[in-house]
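Beneath this line is the structure, given in structure tokens, with notes to follow.
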Amino acid sequence: MVFMDPRDARLYQAWVADINQMELSGSDANVNVIVQIGFNAGHTYRYYVTLDQKKTEIRSPRATVPNGESVNPGDPDALHDFITWGKTNYPADHYVIVLAGHGQGWKGTMLFDDLDHLTMAELSSGLGALGAKFDVVLFYSCLMGQIEVGHQLEGQATMMVASEEVTLTVFPWQDFITKLKNNAGWNAGQFADTAAQDFANRLRPISATFTMASVELNKLKTVLSPRVDAFAAALASDMEDYKTHDTVADNAQIQIKHNALQRAEDFTPSNIKDLYHSVDLVQALPVTPPPAAHPLPAALALSPAAATPGVAPSPRDSQ
């Protein structure tokens, strides 16, 4: 299920190109690909994506959404109705939802100008239409790879695929759908890992900075989140202390602000910080941090293959 917000004209053109890419592979007996997108003419359509080799025109069967002139992608009812329609008309053993629109992490998704958007609570509500966990929630959006986002969605999905960075509209739809049709028995982890890697492979040669990850949401909530809480609690115990009389700089809160958070890798807006880098910087400060063996840094440890830099920025639209 692919839910697209077309209110930004730049993304609208990218989404149309994406649907044409999907048609180059199309659905089959084991894999149904369905899309909802609104058009500038004022109608919202749903497509059952079928095989079509014409790259400049969407020719899959379409249905006009009831009251489609007023469908608002920032309304959780719109997402809820699309999911209900998809489950009713194309029942499956496994479900994946792709959310395509501008994102800003815990602030929400389907953001454009000052128009209505999906808050995290509204996103969770809309996803609840499935009545079960999605195998995967894939954010075709910027900045959604945050612990707060994953924590909020743990009850709605098994896996999440997302970037903590600004990303680009270059997901390899044709190749990925073909690969999925050849591997219809994938579990949630296999789907998410492959989608994340294929997306990263497409980004690597065109983006100097990118991230992409597949996240097991139950482990995020039961393993990572409690360790973040414990790390924060240990630091909080030192927040109101001044180790040296009249020396403001040795207060933990000031040290963390100036020598960790302000130096940590950030994104857009700049108050979105990389968790791994933040924790690494905090551990080096002359405050009362958790002991070196604290489980949070170990949980955040990166493998050598975790990231490979790209070589050049891309002119493609970003979300």
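The values are calculated or read from the model by the stated rules, or taken from the named source; none is laboratory data. Since the model is a prediction, treat every value here as computed from it, not as a measurement. All Cβ positions, even for glycine, are placed from backbone atoms using ideal geometry, and neighbour counts span all protein chains on display. Just the protein is used for accessible areas: all its heavy atoms, side chains included, with ligands, DNA and RNA removed. Shrake-Rupley method; radii C 1.70, N 1.55, O 1.52, S 1.80 Å.
Within the range 84-97, is there a residue that is within 13 Å of the chain's Cα centre (by Cα) and not β-branched (V, I, T)? Looking through the range 84-97, none of the residues is within 13 Å of the chain's Cα centre (by Cα) and not β-branched (V, I, T). None of V311, V228 is at pLDDT 80 or above and of a type outside the set (F, W, Y) except V228.
Looking only at the range 108-164, residues that are among the polar types (S, T, N, Q), closer than 11 Å to G74 by Cβ and open to solvent by 10 Å² or more (accessible area, probe 1.4 Å) come to 1 in all. Please tell me if Q104 is surrounded by fewer than 24 Cβ atoms within 10 Å (Cβ to Cβ) and in contact (Cβ under 8 Å) with a residue 40 or more places away in the chain. Against the criterion (surrounded by fewer than 24 Cβ atoms within 10 Å (Cβ to Cβ) and in contact (Cβ under 8 Å) with a residue 40 or more places away in the chain), Q104 qualifies. Looking at the range 175-196, can you tell me whether even one residue there is over 26 Å from Y48 (Cα atoms), crowded, with 16+ Cβ neighbours inside 10 Å, without any contact (Cβ under 8 Å) to a residue 40 or more places away in the chain and out of contact with any strand residue (DSSP E or B) (no Cβ under 6 Å at 6 or more places or on another chain)? The answer is no; no qualifying residue exists. Collect the residues in the range 14-57 that are free of Cβ contacts under 8 Å to residues at least 12 places away in the same chain and within 23 Å of S70 (Cα to Cα), keeping them in residue-number order. Of everything in the range 14-57, just one residue is free of Cβ contacts under 8 Å to residues at least 12 places away in the same chain and within 23 Å of S70 (Cα to Cα), namely A41. For Q53, the conditions (1) closer than 26 Å to L24 by Cα; (2) in contact with a Gly (Cβ under 8 Å, 6 or more places away or on another chain) all hold with the exception of (2). All of (1) under 17 Å from the mean Cα position of the chain (by Cα); (2) part of a helix (DSSP H, G or I) hold for E165 with one exception: (2).
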